[in-house]
Structures are given as structure tokens and as C-alpha cells.
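Peer 1: My questions all concern the structure below.
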Amino acid sequence: MTVQQATPCERPVADRFDYHDPLFQADPWQVYQAMREAGPVHFSEAANCYVVVGHDAVKEGLSHDAVVADFPLRTSRRTFGRNLLDLDGAAHRAFRKHIAPLLGARAVRSYLPTAIVPIVEETVAALEPGVATPVVEQISAVVPYRLMCGLMGLPASDARWLYEQMRPIARTLDYPPDTSADVQQAKAVVEAYLRGLVSQDAIPRDTMTGRILDAMRDSPDPFDVADVLATLLLVLLAGTETSIAGITNTLHGLAVQPGALEQCRTKDDAVRVVREVLRLHPPVHSVLRFAERDFSLGGTHIQRRYPLLFSLASANRDATVFGHPDAFDPDRRERSSLAFATGPHACPGMNLAETEFAEICVHLARRFTSLTVVPGSDTEHGHSFRHAPDLSLVLS
């Protein structure tokens, strides 16, 4: 890969960074490393955006007041319209204020015996030993969709149907985004479903959906019905697709990292394993933001209104922060992983996700002694939600 460095008044150019490139999709790690070695921030002509790869620059940029999520050309904005997740300032703070109590550590502890454990126990008990198990189909999609239905106040019986409907919608948030007629049709179906539940007042007020409705009513900038539906759709998408990728990556890590499954006998040990697997293979590789004004980041001048792609995956393997960054070490002292991002738009469900993933690991470790990857099934795809969608494991 060729990386051009520039004088301080020029934009550095990463000539070969292109997430459409099959070679990059197959193995992005050597690209990230070469870019980090050349500097923390670059400009990609292929992607027409700044690419931030250094850990400290990613951390600083995601919290910088010149960096915003709200932008008219953002894919999610063009596809879903105005929604709370893509906004900044008071509207976004109102959203987080209302849902934070449902996703904090105390709330997650209360869900553990009543929601998380029963779903995980039933899911793991249904797994058949000694045969190829399609991970997404039987584990990674089952647990988060059932859990999110409960948190959002949606009928539990609709979890499987929602997963199937959301497949094309999820593709709109990857690179390149899917903008086919299938997406619009699926979006219309799920929006009609949500509109029906909201209009019938069929969703309890103490659920995530109820609190989102409160947040949108309390916002200083009024939202209409289309905005409400867009926000609910994106919350469902974010709460499930990230988990599908995260669970799949975690179970792949248990299978390929020696001793990883054995280390998941207790909840605390499982959390350490999960954190380390997700540092190495975060479910979301990059997050997109925009420059509200000119500013400097990592010694590079960032031009107003340009997009910035913050690479969480690259930051998590930065050798200036992590010793032996490519090695699996659940006991490492460095706790600077950005797997769930940081700043005002950091994933509000990180506590829930870690607990959910760790509980799956604990129950698998109690029932099975080994997980083996079915050869050829672990090819990773995607950039927004990166995992091996066809992963199959033999559990014994």
C-alpha cells in the first residue's frame, strides 16, 4: 500500500484505502497497520473522506466539538429521514437521558435473572452437539432479537419475523449501502408494524420505546411521526445488528483462541474474554462523522463539511497503546479498547452487550468443552457490521 504524507497545510492521501476493494474486505489489518505507521490521519481519494486510524486521534476526534453526526448526506439520514440517533446537541442528549436508565449497569443487572439468562439458557439448550451449527441462525440472531423485543416492548413472538424483515434494511448501513427496492419494501413493512403498535398504544411506557417517545416529545425541536418511526427502526437495528456481529465474532474467538472457552467458567472471566475478542475483532469497524468546521486532528488539517471515518478496528490494534496488539490476551492491563466507540455517540448499550455476550460464553462453557470452526465458513464480510455471516461451529 502506498501512503502519501503531506505538509501540514495539505491533506494526507491514503491511495489504497478502499473499503469496496475485495482485498481490503478480506484482510484490512495490513492496510490499517501501514496507515498507522505513516500517520494517525489520512485522506482517502477512493472513499473521499478522512480516515482516522491512530488510537489517540480516534479517541480525540469522536469527542471533539467540531465533529458531528448530523449531516444531510449521511446514508442513514437519506434512508430513514430525521431521527434522534443521527442528531447532536440537546435533541441527542434528550434521547440518551431517557434511555440511559434502561441500559445502565444497575438496569442490566436486573435484566440478568429475568430476561437475559432465560433467553440464553433456552438458546444454548437447543444446540445439538456434534453437528455443524450455523451460528447466526441459531445463536447470534436469536438472543439479541428476543432481548430487544422485550426491552422495546414488542411482542416476543415477533422476534423471528422482525429478524427476517430487517435483513435488507441492515445492508443500507454497510459499504456500499444497499439502496434497492427490497430495502424500501422491508422498511415500509416494519414501519407499518411499528406505527400500528404506537397508534394502538400497545407499548408499555416503561420500555425503551416508551422512553424514546417521551424523549421525542420533550425535544426542543419537535419530531413528527416519520421521525419517531425512523428512530425506533434505527434503535432496533443498532441493538440487534451490532450484537449479531459481536456474538458471532466472540464465538469465533472462543473457537480459534486456545483456552478461551475454558476461561469462560465465571462471569468475570467471560467478560475479560469478550472484551479482548472484541478489541481484536470489533463488530463495528468504523463510525462515520462529519467536520462541522475546519480543525486540526492528529497534526492534520481537517476541512469543514468533509466526512471522517473513525476506524475503531485500527485504533484497537495501535501498538503505541497496546502491547503485542495482534495477540489475544484477556489478562492484558490496557483497558483502552474502543470497540463500543467513545464520546457523545458512544454505544449506550455497551453494558447490556457485554453482559449478554458473556452470559452466552458462560453457558456454552458449562455445556461444551470445545468449539470447532467448520472449514471455509469463517470468511468475514462487511464494514459497519463486520463478522462471518456463514460461520458454523461444531460443539462438543
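The values are calculated or read from the model by the stated rules, or taken from the named source; none is laboratory data. Since the model is a prediction, treat every value here as computed from it, not as a measurement. Note that each Cβ is placed from the backbone with ideal geometry, even for glycine, and that neighbours are counted across all protein chains shown.
Peer 1: Contact list please: Cβ distance under 7 Å, first residue in region 207-218 and in contact (Cβ under 8 Å) with a residue 24 or more places away in the chain and small (Gly, Ala, Ser), second residue surrounded by 18 or more Cβ atoms within 10 Å (Cβ to Cβ) and assigned to a helix (DSSP H, G or I), pairs at least six apart or on different chains.
Peer 2: ALA215/LEU84; ALA215/ALA94; ALA215/PHE95; ALA215/HIS98
Peer 1: Within the group ASP326, ASP390, which residue is within 13 Å of HIS281 (Cβ to Cβ) and either without any contact (Cβ under 8 Å) to a residue 24 or more places away in the chain or surrounded by fewer than 20 Cβ atoms within 10 Å (Cβ to Cβ) (or both)?
Peer 2: On the way: ASP390 fails: within 13 Å of HIS281 (Cβ to Cβ).
Just a single option satisfies the conditions, and that option is ASP326.
Peer 1: Does ARG293 satisfy the criteria of being under 16 Å from TYR50 (Cα atoms), of a type in the set (Lys, Arg), more than 12 Å from the chain's Cα centre (by Cα) and assigned to a strand (DSSP E or B)?
Peer 2: Working: under 16 Å from TYR50 (Cα atoms): yes; of a type in the set (Lys, Arg): yes; more than 12 Å from the chain's Cα centre (by Cα): yes; assigned to a strand (DSSP E or B): no.
No, not satisfied.
Peer 1: Also, quick follow-up: May I ask you to say which residue of VAL67, VAL135 is modelled with pLDDT of 95 or more and either closer than 28 Å to ARG167 by Cβ or of a type in the set (Ser, Thr, Tyr) (or both)?
Peer 2: On the way: VAL67 fails: either closer than 28 Å to ARG167 by Cβ or of a type in the set (Ser, Thr, Tyr) (or both).
Of the residues listed, the single one that is modelled with pLDDT of 95 or more and either closer than 28 Å to ARG167 by Cβ or of a type in the set (Ser, Thr, Tyr) (or both) is VAL135.
Peer 1: Restricting attention to region 299-313, and to residues there that are on the phi < 0 side of the Ramachandran plot and out of contact with any Leu (no Cβ under 8 Å at 6 or more places or on another chain), which single residue is surrounded by the most Cβ atoms within 10 Å (Cβ to Cβ)? Spell out the reasoning first.
Peer 2: Our first condition is that a residue be on the phi < 0 side of the Ramachandran plot; within region 299-313, this holds for 300-304, 306-313.
Right, trim to out of contact with any Leu (no Cβ under 8 Å at 6 or more places or on another chain) and you get 300-301, 303-304, 306, 311, 313.
Numbers: THR300: 20, HIS301: 17, GLN303: 12, ARG304: 11, TYR306: 14, SER311: 28, ALA313: 23.
Applying the filter and picking the extreme gives SER311.
Peer 1: Return yes or no: is GLY349 small (Gly, Ala, Ser) and modelled with pLDDT under 95?
Peer 2: yes
Peer 1: Of all residues in region 200-247 being outside any helix (DSSP H, G or I) and aliphatic (A, V, I, L, M), which is farthest from the chain's Cα centre (by Cα)? Even if it seems obvious, please write down each step before you answer.
Peer 2: Filtering region 200-247 down to residues outside any helix (DSSP H, G or I) leaves 200-207, 219-224.
Narrowing the set further to residues that are aliphatic (A, V, I, L, M) leaves 202-203.
Numbers: ALA202: 29, ILE203: 26 Å.
Within region 200-247, the match that is farthest from the chain's Cα centre (by Cα) is ALA202.
Peer 1: Residues that are closer than 17 Å to SER243 by Cβ, at least 1 per element: which helices (runs of 4 or more DSSP H) completely within region 66-172 meet that? Talk me through it step by step, then tell me what you get.
Peer 2: Details: elements: 75-80, 89-103, 105-111, 117-125, 142-152, 159-170.
Fully inside region 66-172 and qualifying: 89-103, 105-111, 117-125, 142-152, 159-170.
Peer 1: What's the number of the condition TRP161 fails, among (1) of a type in the set (Phe, Trp, Tyr); (2) crowded, with 16+ Cβ neighbours inside 10 Å; (3) more than 21 Å from ARG386 (Cα to Cα)?
Peer 2: Condition (2) is where TRP161 drops out.
Peer 1: Of the residues LEU147, LEU173, LEU151, which is buried (at least 20 other Cβ atoms within 10 Å of the Cβ), under 22 Å from HIS20 (Cβ atoms) and among the aliphatic types (A, V, I, L, M)? Outline the logic, then answer.
Peer 2: Working: LEU147 fails: under 22 Å from HIS20 (Cβ atoms); LEU151 fails: under 22 Å from HIS20 (Cβ atoms).
When all the criteria are applied, what remains is LEU173.
Peer 1: Now, a different point. For region 358-372, name all the residues that are surrounded by fewer than 18 Cβ atoms within 10 Å (Cβ to Cβ) and either closer than 19 Å to ASP390 by Cβ or of a type outside the set (Lys, Arg) (or both). Outline the logic, then answer.
Peer 2: Of the residues in region 358-372, the ones surrounded by fewer than 18 Cβ atoms within 10 Å (Cβ to Cβ) are 366-370, 372.
Once the filter is applied, which keeps residues that are surrounded by fewer than 18 Cβ atoms within 10 Å (Cβ to Cβ) and either closer than 19 Å to ASP390 by Cβ or of a type outside the set (Lys, Arg) (or both), region 358-372 yields PHE368, THR369, SER370, THR372.
Peer 1: Which of the residues that make up region 56-65 are part of a helix (DSSP H, G or I) and out of contact with any Ser or Thr (no Cβ under 7 Å at 6 or more places or on another chain)?
Peer 2: Step one: list which residues in region 56-65 are part of a helix (DSSP H, G or I), which gives 56-63.
Within region 56-65, ASP56, ALA57, GLU60, GLY61 meet the criteria.
Peer 1: Still on this structure, I have one more. If I ask for residues that are of a type in the set (D, E, K, R) and outside any loop (DSSP other than H, G, I, E, B), which ones from region 321-364 would you list?
Peer 2: GLU354, GLU356, GLU359
Peer 1: Can I ask one more? Scan region 368-388 for residues that are at pLDDT below 95 and either part of a loop (DSSP other than H, G, I, E, B) or β-branched (Val, Ile, Thr) (or both) and jot them down.
Peer 2: THR379, GLU380, GLY382, HIS383, SER384, PHE385, ARG386 - these are the residues of region 368-388 that are at pLDDT below 95 and either part of a loop (DSSP other than H, G, I, E, B) or β-branched (Val, Ile, Thr) (or both).
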